[in-house]
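I have placed the structure first, in the form of structure tokens, so that the comments after it can refer back to it.
The values are calculated or read from the model by the stated rules, or taken from the named source; none is laboratory data. If you're wondering where the values come from, they're calculated on a predicted model, not measured in any experiment. The protein model used for the area step is the full one, side chains on, heavy atoms only, and it has no ligands, DNA or RNA in it. Shrake-Rupley method; radii C 1.70, N 1.55, O 1.52, S 1.80 Å.
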Amino acid sequence: MSEIKEYPKEDIKVVWESSKCIHAANCAKGLPSVFKPREKPWVQTDGASKEEIIEQVGKCPSGALSIR
Ligand code: SF4
């Protein structure tokens, strides 16, 4: 099932599209204080600065993560 989730951080939103995610876990390895696949919600934007989150989102290989 495909879903799109949004996680707000200050004036941006982290958007995650489940159908594009290849579960490469780059996000969880690169910024484990924010991307926690075993927890709910799995994206916890309090865990890092906006800049760190934007940088990590840019490293998602599938494009499942984006910034709005
Ligand atoms: S880096 Fe992108 S593709 Fe990999 S697990 Fe995270 S969201 Fe999914």
Probe 1.4 Å, accessible area per residue of the chain, Å²: 64 Å²
Karplus 3J(HN,Hα) series, Hz, for region 27-40 with 6.51 cos²θ - 1.76 cosθ + 1.60 (x for Gly, Pro): 5, 5, 6, x, 9, x, 6, 10, 9, 10, x, 8, 10, 10
Inverse of mean 1/r across different Cα pairs in region 8-61, Kirkwood, Å: 11.3 Å
Accessible area (Å², 1.4 Å probe, nearest 10) - residue 10: 140 Å²
Accessible carbon and sulfur surface of the chain relative to its total accessible area, %, 1.4 Å: 51 percent
